[in-house]
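Undergrad: The structure follows.
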Amino acid sequence: MASQARFPFPGGERALTSGAVTVVGLSLCWVGIRFWASDMLSFAGWLLFALGLPMTASGIGLWCRREWARWPAVVFLLLLVATQSWGLATKGPTFGRIALLLGFAAMAWSVHRDFSPAAFAADGELDGAKEKPLVSLVLLLRKPRHLEAGMLARYCEAAWGGSFHTLRDDEKPSVGAKGDPAAAGWVGGRSPYFFVGSNRGVFLVHNHGQAYFEDTTALADAAADLRIRQVLEENRGWLAVDSMEASTPDPEATPASLYPVMARLVAELAGPDCQAIYQPDGNRFNHWDESLEAGLRSGDVARVFDEPTRMAVSELADDDPRMLAAIDAAARLWPEFVGAFERREGTAHAVKAPLTRQGTTECIWIDVDRIENERVHGRLGNHPANLGGLRMGSVVDVSVADIRDWAYVVEGQPRGMFGTKALQDARRDRVAKTDAAG
């Protein structure tokens, strides 16, 4: 996943702003103390010291991520902006006066924007997430998605019920008592980071207009499965729901226990632009299909990943020695498959054979309906990658001579599948070559 650069200071990305506020406050205190020695400037010195001391405290509070420090710092900085503006109006412009005015104004805006409750929490949670297992469900997208806080609030209502309101920048989030079903939820932030609070927990929702994985080219080259390679090459955005904190009455509740809750929101966020769903914890992946929505809405995350929606599509060359050996084994033992099919021994009888449509050839699994006259008749057992109008379930027939592999299941154990080892060996070779090159 793409990483974000951060300053290694307690204040994170906001360290420079909070440090600058502290320096300005200390400078005002120092100038004020110097003015005490002058009878004419003594009163001004007390004013500067009275302004500088709380401003220094506000800067330290911002550094330590204290919400109370935001508005005092903004007010003090705006007072300094007003002072410089008065100087411009009464004494005329100078380079120093203009620079100070613009600097104080920029600092005031930075404090107001970057130290709001939602932004404050976002930076703190993201920093802390580095030390914790990532509890997340990710949707890989073909293109970036437009998402606003108000839209996300409606998705939350559809997923979890109840009402959700959008936080203002200066509004402190609150969801009431833990587990209270009547408590209103909230949504704060803006793309690429949103925070969502509900009576079940606090969640971080990502919306990024970039590939999820950092080195997609290397990953795609290492993927033996054409479908996975296509997803990686075409990935242009991603949505994710991360569990940050459980807020249920159950003392044993953890962020990981909220996967069913997260899954229902992911189901609402899914759409036709989705390529795949990914679970970082366990590195689990499944190609997106509308049939997954039922599992997500029921909260059954295991079901979403345990039942693949697409079978692997290999690009292993026909003349590869491993593939030739697998094809030869399937041909020699073909009578075993025919006998099992005719005796109705086992279930899920299928063959793998090449099909060509519009100049594209793809080896694909076919669920067998009947075998006659040296031809196998059946229906496509999975979605083709690119075979024109053919879809999963399309009726096809192939010559027995063209069959590359076969499989059936007896008491839960697969028979056949000679190409599986060849594909696994090829995948290991690709990964090894990529690691050696890196």
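Okay, residues lined up against (1) surrounded by 14 or more Cβ atoms within 10 Å (Cβ to Cβ); (2) aromatic (F, W, Y):
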{"residue": "W36", "(1), (2)": "yes, yes"}
{"residue": "F49", "(1), (2)": "yes, yes"}
{"residue": "W63", "(1), (2)": "yes, yes"}
{"residue": "E67", "(1), (2)": "yes, no"}
{"residue": "R70", "(1), (2)": "yes, no"}
{"residue": "G87", "(1), (2)": "yes, no"}
{"residue": "T90", "(1), (2)": "no, no"}
{"residue": "P93", "(1), (2)": "no, no"}
{"residue": "A99", "(1), (2)": "no, no"}
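Undergrad: Also, quick follow-up: Where in region 278-380 are the strands (runs of 3 or more DSSP E), entirely inside, with at least 3 residues that are touching a residue at least 40 places away in the same chain (Cβ under 8 Å)?
TA: Answer list for region 278-380: 347-357, 360-372.
Undergrad: Taking region 12-56, which residues are closer than 30 Å to S116 by Cβ, modelled with pLDDT under 80 and small (G, A, S)?
TA: Listed by number, the residues that qualify are G12, A15.
To keep it simple, each residue is scored yes or no on (1) without any contact (Cβ under 8 Å) to a residue 40 or more places away in the chain; (2) on the phi > 0 side of the Ramachandran plot; (3) outside the structural domain of G339 (by TED's automatic domain parsing).
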{"position": "V395", "(1), (2), (3)": "yes, no, no"}
{"position": "V400", "(1), (2), (3)": "no, no, no"}
{"position": "A407", "(1), (2), (3)": "no, no, no"}
{"position": "Q413", "(1), (2), (3)": "yes, no, no"}
{"position": "G416", "(1), (2), (3)": "no, yes, no"}
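Undergrad: Go through region 290-319 and count every residue that is at pLDDT below 85, crowded, with 16+ Cβ neighbours inside 10 Å and among the charged types (D, E, K, R).
TA: The qualifying residues number 1.
Undergrad: Mind checking whether some residue in region 129-137 is at pLDDT 90 or above and farther than 16 Å from E245 by Cβ?
TA: Yes, there is a match, as at least one residue in region 129-137 is at pLDDT 90 or above and farther than 16 Å from E245 by Cβ.
Undergrad: Tell me, yes or no, whether region 91-104 has at least one residue that is part of a loop (DSSP other than H, G, I, E, B) and among the charged types (D, E, K, R).
TA: No, region 91-104 has no match at all.
Undergrad: Only one residue in M323, M262 is at pLDDT below 90 and surrounded by 15 or more Cβ atoms within 10 Å (Cβ to Cβ). Which one?
TA: Answer to the selection: M323.
Undergrad: Which of the residues spanning region 144-188 are under 29 Å from N235 (Cβ atoms) and either modelled with pLDDT under 90 or in a loop (DSSP other than H, G, I, E, B) (or both)?
TA: Hits for region 144-188 are P144, R145, H146, L147, E148.
Undergrad: Go through region 271-289 and give me each residue that's over 11 Å from P308 (Cα atoms) and either surrounded by fewer than 18 Cβ atoms within 10 Å (Cβ to Cβ) or outside the structural domain of R229 (by TED's automatic domain parsing) (or both).
TA: If the condition is that a residue be over 11 Å from P308 (Cα atoms) and either surrounded by fewer than 18 Cβ atoms within 10 Å (Cβ to Cβ) or outside the structural domain of R229 (by TED's automatic domain parsing) (or both), then G271, P272, D273, P280, D281, G282, N283 are the ones that fit.
Undergrad: Do you know which residues across region 235-258 are farther than 15 Å from G197 by Cα, outside any strand (DSSP E or B) and modelled with pLDDT of 85 or more?
TA: If the condition is that a residue be farther than 15 Å from G197 by Cα, outside any strand (DSSP E or B) and modelled with pLDDT of 85 or more, then N235, R236 are the ones that fit.
Undergrad: Still on this structure: Sort out which residues of region 389-429 are at pLDDT below 90, part of a helix (DSSP H, G or I) and small (G, A, S), and write them in order of number.
TA: G419, A422, A426
Undergrad: When the residues of region 57-84 are filtered to those that are at pLDDT below 85 and of a type in the set (F, W, Y), which remaining residue is farthest from V21 (Cα to Cα)?
TA: If we take residues in region 57-84 being at pLDDT below 85 and of a type in the set (F, W, Y), then W68 is farthest from V21 (Cα to Cα).
Undergrad: Oh, and also: Tally time: how many residues in region 349-370 are at pLDDT below 90 and small (G, A, S)?
TA: 1
The values are calculated or read from the model by the stated rules, or taken from the named source; none is laboratory data. Please read all numbers here as calculations on a predicted model, not as lab measurements. For neighbour counting, all protein chains shown are included, and Cβ atoms are generated from backbone atoms with ideal geometry for every residue, glycine included.
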